[in-house]
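Notes follow the structure.
The values are calculated or read from the model by the stated rules, or taken from the named source; none is laboratory data. Note that the structure is a prediction, hence the values are computed from the model and not measured. Don't worry about glycine lacking a Cβ; one is built from the backbone with ideal geometry, like all the others, and counts go over all protein chains shown. Heavy atoms of the whole protein, side chains included, go into the accessibility calculation; ligands, DNA and RNA do not. Shrake-Rupley method; radii C 1.70, N 1.55, O 1.52, S 1.80 Å.
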Amino acid sequence: MRIADYIETLDHEGRLVTEAARPADLDAPVPDCPRWLVRDLLRHLGAVHRWATAFVAEGRDQPVALPTPPAMSDDALLPWLRDGLDRLVTTLRAAPPDLACWTFLPAPSPSIFWARRQAYETAVHRVDVEKARGLPISPLDPEFAAGGIDELLTGFHARQRSPVRTDSPKTLRVRVTDVAEADWIVRLSDEPPRTVRVSADPPAADCVYEGPAATLYLVLWNRLPPEAVRITGDVSLAHRWRALTSD
């Protein structure tokens, strides 16, 4: 996806968050983030948007802790969230192609990294708000969702801090059924997972996930149960993934 596509998706997902959230429901628990009410999630998301904006706007080249959201009434929370989203979108659209700033996952450029990461962050939390309010989950574009799977597997879980470990070497295969060439092999061991794109002749895997990109993305982020997709082979690996990556 192009950076403009990520920014447009970020803007769209952020507006879906504010449409799904209502001041009267801010005490609703967030099913997949057990420590949070909707109010906590919105405060977190607004802080993340402002945190990301500062890296892009100021060219910060060192990590900075996520800011603590200010105290505010429930009535002020959604306008505050919308204002942070608007500032982030405006800042990303104005960022120069040669922007230099800190990032924490591989990406073609810092601008693409921040647009991409914030689009996915906002999309996952949009799903959280919809589930907390008992609303249907709004659809995710398959290409966007497939890119999110790639970011999760080759970015987040390639880091040393990934909690996913196995006592003996195992392999997972994640195969998207509605996007071409969206197919990965994840090698598990007592080290961080190592993920590669599947070639035309994929190796055998101990456990295989198969399904539409949007559903697989939400399963791997623990927003839907493993049973939402087809899992074959050693199903215990899928349950281990969920247990190790749950909040």
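Estimated from the Cβ-Cβ distance and a Förster radius of 35 angstrom, the FRET efficiency linking ASP178 and ALA24 is about 0.40.
Taking all protein chains as they are arranged and a probe of 1.4 Å, the heavy atoms of ILE137 leave approximately 70 Å² accessible to solvent.
Averaging 1/r over each pair of different alpha-carbon atoms in the chain and inverting the result gives 18.9 Å, the Kirkwood hydrodynamic radius.
At the listed q of 0.21, 0.23, 0.27 Å⁻¹, the Debye profile of region 72-133, built from one uniform point per Cα, gives log10 I(q)/I(0) equal to -0.94, -1.02, -1.16.
Projecting the Cα positions of PHE104, VAL30, TRP80 onto the charge dipole of the chain (unit charges on Cβ atoms of Lys, Arg, Asp and Glu, taken about the Cα centre) puts PHE104 furthest along the positive direction. The charge dipole of the chain, taken about its Cα centre with unit charges on the Cβ atoms of Lys, Arg (+1), Asp and Glu (-1) only, comes to about 420 debye.
Computed from Cα atoms alone, the Kirkwood hydrodynamic radius reported for region 64-211 is 18.1 Å. Can you bin region 164-234 into rounded, prolate or oblate? Criterion: square roots of the alpha carbon gyration tensor eigenvalues sorted a ≥ b ≥ c, rounded for a/c under 1.5, prolate for a/b above b/c, oblate for the rest. Oblate, because a/c is 1.5 or more while a/b does not exceed b/c. Projecting the Cα positions of VAL179, SER168, TYR6 onto the charge dipole of the chain (unit charges on Cβ atoms of Lys, Arg, Asp and Glu, taken about the Cα centre) puts SER168 furthest along the positive direction.
Relative to the Cα centre, the charge distribution of region 179-219, modelled as +1 at Lys and Arg Cβ and -1 at Asp and Glu Cβ, gives a dipole magnitude of about 100 debye. For the pair SER162 and ALA243 in one chain, pulling the backbone fully straight at 0.36 nm per residue adds 27.9 nm over the alpha carbon distance. Counting only alpha carbon atoms, the long axis of helix 3-20 and the longest principal axis of the chain meet at about 70°. Peptides 40-50, 168-178, 70-80, 88-98 ranked from most to least packed give 40-50, 168-178, 88-98, 70-80, packing being the mean of other C-beta atoms within 10 angstrom over each peptide's residues.
A Förster distance of 41 Å, applied to the separation of the beta-carbon atoms of HIS44 and SER189, puts the FRET efficiency at 0.80. Charging the Cβ of each Asp and Glu at -1 and of each Lys and Arg at +1, and nothing else, the dipole of region 82-177 about its Cα centre rounds to 300 debye. Taking the 0 to 90 degree range and rounding to the nearest ten, how far is the long axis of helix 235-245 tilted relative to the main principal axis of the chain, both from C-alpha atoms? That works out to roughly 30 degrees.
With a 10 Å cut-off between alpha carbons and a GNM built on the chain, which of PRO29, PRO203, PRO163 moves the most? Result: PRO203 has the largest fluctuation of those listed. Averaged per residue, the chain has 46 square angstrom of accessible surface, using a 1.4 angstrom probe with ligands and nucleic acids left out.
Seen against the Cα atoms of the chain and their longest principal axis, helix 110-132 is set at about 90 degrees. Computed extension gain for ALA228 through ARG93, at 0.36 nm per residue and net of the alpha carbon distance, reaches 45.0 nm.
Would any residue of region 199-228 have its amide N under 17 Å from a label point 7 Å out along Cα→Cβ of SER138? List them or say none. So the set is 214-215, 218.
Report summary: the helix-based calculation at 222 nm, which adds -39500 (n - 2.57) for every DSSP H run with n ≥ 4 and divides by the residues of the chain, gives -15500 deg cm²/dmol.
Using the Cβ-Cβ distance between ALA54 and ALA76 with R0 = 25 Å, the FRET efficiency computed as 1/(1 + (r/R0)^6) comes to roughly 0.75.
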